[in-house]
């Protein structure tokens, strides 16, 4: 069964971004080189197990690979970790800025909806 061509293109783009050959990716997936070519040309499905390996190999979440949308869970986790390291006073300041930005966004949304 063929895969979505957008997914196939994303996989090829991510591979090229990492400067990996199809042969190198095939070695990680333990599949023939031709399987990577078939996947990237939309002729072969990619399995869940292969997606997990590709996710790690390409430094992308499975969600991002599948949808093309960047769900930056790793950065969110990193931000949370950094916030826990801040002194209370700095944390209050960061929270104030976040709340201020959220309210501005909410106000802009109301203005756009009323026009």
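Since every read-out is calculated from the coordinates, none of them should be taken as a lab result. Only a predicted model underlies this, so the values are computations on that prediction, with no experimental measurement involved. Neighbour counts are summed over all protein chains in view; Cβ atoms, including those assigned to glycine, are modelled from backbone coordinates with ideal geometry.
With R₀ fixed at 22 Å, the C-beta to C-beta distance from residue 4 to residue 28 puts the FRET efficiency at about 0.50.
With the contact rule set at Cα under 8 Å and sequence spacing of 6 or more, what percent relative contact order holds for the chain? Before the final figure, lay out the partial values.
On the way: 72 pairs, mean separation 25.3, N = 115.
Taking the mean separation of contacting Cα pairs over the length of the chain, I get 22 percent.
Overall, the anisotropy analysis places the range 73-114 in the oblate class: the square-rooted eigenvalues a ≥ b ≥ c of its C-alpha gyration tensor yield a/c not less than 1.5, with a/b not exceeding b/c.
Computed extension gain for residue 56 through residue 85, at 0.36 nm per residue and net of the alpha carbon distance, reaches 7.7 nm.
Checking the a/c ratio against 1.5 first, then a/b against b/c, what shape does the Cα gyration tensor give for the chain? Let's see the in-between values first.
On the way: a/c = 4.25, a/b = 1.97, b/c = 2.15.
Oblate, since a/c reaches 1.5 and b/c is not below a/b.
Projecting label points 7 angstrom from Cα along Cα→Cβ for residue 21 and residue 75 puts them 3.3 nm apart. Counting neighbouring Cβ atoms within 10 Å and putting the fewest first, the residues 69, 43 line up as 69, 43.
Assuming 0.36 nm per residue, please report the length gained on full extension of the stretch residue 93 to residue 105 beyond their Cα-Cα distance.
Working: separation 12, 0.36 × 12 = 4.32 nm, distance 1.85 nm.
Contour length minus Cα-Cα distance gives 2.5 nm.
Which shape class applies to the range 1-41: rounded if a/c is under 1.5, otherwise prolate when a/b exceeds b/c and oblate if not, where a ≥ b ≥ c are the square roots of the Cα gyration tensor eigenvalues? Judged from the Cα gyration tensor, the range 1-41 comes out oblate (a/c at least 1.5, b/c at or above a/b).
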